[in-house]
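Peer 1: The structure that follows is given in the form of structure tokens.
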Amino acid sequence: MSPEPIRAGWIGPPPSLTQQVAAFWVGVMGVMFAGVGPLLLGGLEATGRLTAAQLGQAGTVELLSMGVAASLAGPLLGAQRLRLIAVVCGLLMAGLNLVTTQVGGDMLTLVRALTGLPSGVMIWLVTGMIVRSPRPERGSGLYLTIQTLAQLLVVAGVSAFVLKPLGVDGGFAVLAGLALLSAAAGLVVPDSYWPLTDHDQGPGGLPSPRGWVALAATFAFQAFILAFWIYVEPLSRQSGHAPAIAGIAISLSLAAQVAGGSAATALAGRVSWFKALAMSIGLMIATLFLFGARPAAPLFLAGSGVFGFLWIFAAPYLTPLAIEADPTRRAAMLGPGASLLGCSAGPFLASLLVSDTDVRGAIWLAVGLALLTLGLIVGLHLTRARAVLRL
């Protein structure tokens, strides 16, 4: 059978529903620490096993190693023996989470950096399935929605049932158990992926120039969001709110993120990536200015909900953006790596522009990075016809 009819839907034979569920489980477990990490690292700092500076370092290096691993897994590992890769990564992550319970200080930071490597590979594995699907934006939206819900459930469960009787080490034990389950799920994932389409051969299997621009937009998108969001609690304090407002704002944002991911999944194929991204980023810039004006608590909470919804609604459309920019889909495969690197770069850059008395420098940095993201997206959109003519 010619591969062309298959490529009109899935690239290659479509995985079974069981294989898809297993791949999503592995990918969700790979990104779990991004949601649970602040709770557990904060607990380590509170018990004296990390200093405040080491807390930030541990979170940053884990995100960095996740991004590097997600970016390099394809060139280094290929798209074969995926079950073996998934099982090994699940076992490694389980072991490193258990090692975390036995160390502190700089050694703990090193262990978390190592933990990011199998996590990034697990994210790469599910990305490989998503970019080969008929509607990658739908798969991306579903992945973001599921991971947000899973992180919410794990955070709630660990907070309610684990931390008090077992301490923060119990939380890492839970992560180890979930990693073992992902190793079991690795036995069911597709064992290989069909080669990606090859319209535009880049040197060494790299994305095309337009693909790199799309990856820069992905990097800047996540950087501007995290540069702002990491400071939401001190921003609330600086606006004169009661201590509980920041926690409510974060909860509202998480709920709105689930709604945003669900909306993106439902609208997949009905809204162009350019309209979804341009409108969302424009509204997010307006919301950033609202936060910069030190709004009253009701407006702060409303802004948090709007920002969370737009954040996850827009994010899945970065995948079709990358695919249109680089039809080989190599850029789309590197998208999670660019996202994770942006997530780590944004807070670092913002930390250079804030003080103990005023953290609004993070907002203005976020506005600048958002405008850069918008400029890159508009540039790709305006030059798309010329690029198509050259193919």
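Peer 1: Only one of 246, 266, 242, 255 is among the hydrophobic types (A, V, I, L, M, F, W, C) and over 28 Å from residue 141 (Cβ atoms); which?
Peer 2: Working: 246 fails: over 28 Å from residue 141 (Cβ atoms); 266 fails: over 28 Å from residue 141 (Cβ atoms); 255 fails: over 28 Å from residue 141 (Cβ atoms).
242 is the lone residue from the list that is among the hydrophobic types (A, V, I, L, M, F, W, C) and over 28 Å from residue 141 (Cβ atoms).
Peer 1: Exactly one of (1) under 23 Å from the mean Cα position of the chain (by Cα); (2) surrounded by fewer than 23 Cβ atoms within 10 Å (Cβ to Cβ) is unmet by residue 330. Its number?
Peer 2: The number of the failed condition is (2).
Peer 1: Can you go through 21, 26 and tell me which one is surrounded by fewer than 23 Cβ atoms within 10 Å (Cβ to Cβ), in a helix (DSSP H, G or I) and assigned by TED's automatic domain parsing to the domain that holds residue 164? Show your work before the answer.
Peer 2: Details: 26 fails: surrounded by fewer than 23 Cβ atoms within 10 Å (Cβ to Cβ).
From the options 21, 26, the qualifying one is 21.
Peer 1: I'd like the full set of residues that are under 25 Å from residue 104 (Cα atoms), of a type in the set (A, V, I, L, M) and either within 13 Å of the chain's Cα centre (by Cα) or modelled with pLDDT of 85 or more (or both), limited to the stretch 142-162.
Peer 2: If the condition is that a residue be under 25 Å from residue 104 (Cα atoms), of a type in the set (A, V, I, L, M) and either within 13 Å of the chain's Cα centre (by Cα) or modelled with pLDDT of 85 or more (or both), then 154, 158, 162 are the ones that fit.
Peer 1: Restricting the first residue to the stretch 48-63 and requiring it to be among the polar types (S, T, N, Q), which pairs with a second residue that is modelled with pLDDT of 80 or more meet a Cβ separation below 6 Å and a spacing of at least six or different chains?
Peer 2: Close Cβ pairs satisfying both conditions: 54/109; 57/109; 60/344.
Peer 1: Could you list, in sequence order, all residues of the stretch 297-331 that are small (Gly, Ala, Ser) and closer than 14 Å to residue 259 by Cα?
Peer 2: In the first step, residues of the stretch 297-331 are kept if they are small (Gly, Ala, Ser); the result is 297, 302-305, 308, 314-315, 322, 325, 331.
Across the stretch 297-331, the qualifying residues are 304, 305, 308, 314, 315.
Peer 1: So, one more: When both residues are 6+ apart or on different chains and their Cβ atoms are under 6 Å apart, which pairs have a first residue that lies in the stretch 72-99 and is under 11 Å from residue 185 (Cα atoms), and a second that is polar (S, T, N, Q)?
Peer 2: Here the result reads 90/182, each pair linking the stretch 72-99 to a residue that is polar (S, T, N, Q).
Peer 1: Could you look through the stretch 256-270, keep only residues that are in a loop (DSSP other than H, G, I, E, B) and of a type outside the set (A, V, I, L, M), and pick out the one that is farthest from residue 131 (Cα to Cα)? Walk me through it before giving the result.
Peer 2: Taking the stretch 256-270 first, the residues in a loop (DSSP other than H, G, I, E, B) are 267-270.
Filter again for of a type outside the set (A, V, I, L, M), leaving 269-270.
On the way: 269: 14, 270: 18 Å.
Among residues in the stretch 256-270 that are in a loop (DSSP other than H, G, I, E, B) and of a type outside the set (A, V, I, L, M), the one farthest from residue 131 (Cα to Cα) is 270.
Peer 1: Related question: Please go through the stretch 41-76 and give me each residue that is surrounded by fewer than 16 Cβ atoms within 10 Å (Cβ to Cβ) and part of a helix (DSSP H, G or I), ordered by number. Before the answer, list the steps.
Peer 2: We begin by selecting, within the stretch 41-76, every residue surrounded by fewer than 16 Cβ atoms within 10 Å (Cβ to Cβ); these are 42, 46-48, 51-53, 75-76.
Within the stretch 41-76, 42, 46, 52, 53, 75, 76 meet the criteria.
Peer 1: Can you list the helices (runs of 4 or more DSSP H) found entirely within the stretch 300-391 that contain at least 3 residues being of a type outside the set (D, E, K, R) and farther than 21 Å from residue 64 by Cα?
Peer 2: Working: elements: 318-325, 330-351, 361-382, 384-390.
Qualifying helices (runs of 4 or more DSSP H): 318-325, 361-382, 384-390.
Here is a yes/no grid of residues against (1) closer than 25 Å to residue 250 by Cα; (2) in a helix (DSSP H, G or I):
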residue: 123; (1), (2): yes, yes
residue: 130; (1), (2): no, yes
residue: 153; (1), (2): yes, yes
residue: 170; (1), (2): yes, yes
residue: 177; (1), (2): no, yes
residue: 181; (1), (2): no, yes
residue: 192; (1), (2): no, no
residue: 195; (1), (2): no, no
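Peer 1: If you take the residues of the stretch 237-258 that are within 16 Å of residue 38 (Cβ to Cβ) and of a type in the set (S, T, N, Q), which of them is surrounded by the most Cβ atoms within 10 Å (Cβ to Cβ)? Full working, then the answer.
Peer 2: Just the residues of the stretch 237-258 that are within 16 Å of residue 38 (Cβ to Cβ), to begin with: 246-247, 249-251, 253-254, 257.
Add one more test, that the residue is of a type in the set (S, T, N, Q), and what stays is 251, 253, 257.
Values: 251: 15, 253: 22, 257: 26.
Once the filter is applied, the top-ranked residue is 257.
Peer 1: To continue, here is another question. Go over the candidates 38, 5 one by one and state the one that is part of a helix (DSSP H, G or I), modelled with pLDDT under 75 and under 24 Å from residue 342 (Cα atoms).
Peer 2: Details: 5 fails: under 24 Å from residue 342 (Cα atoms).
That would be 38, the only listed residue that is part of a helix (DSSP H, G or I), modelled with pLDDT under 75 and under 24 Å from residue 342 (Cα atoms).
For (1) crowded, with 19+ Cβ neighbours inside 10 Å; (2) touching a strand residue (DSSP E or B) at 6+ places or on another chain (Cβ under 7 Å); (3) farther than 30 Å from residue 267 by Cβ, each residue gets a yes or a no:
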site	(1), (2), (3)
139	yes, no, no
145	yes, no, no
165	no, no, yes
172	yes, no, yes
178	yes, no, yes
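The values are calculated or read from the model by the stated rules, or taken from the named source; none is laboratory data. Quick caveat: nothing in here was measured; it's all calculated off a predicted structure. Using ideal geometry, Cβ is built from the backbone for each residue, glycine included, and neighbour counts are taken over all protein chains shown.
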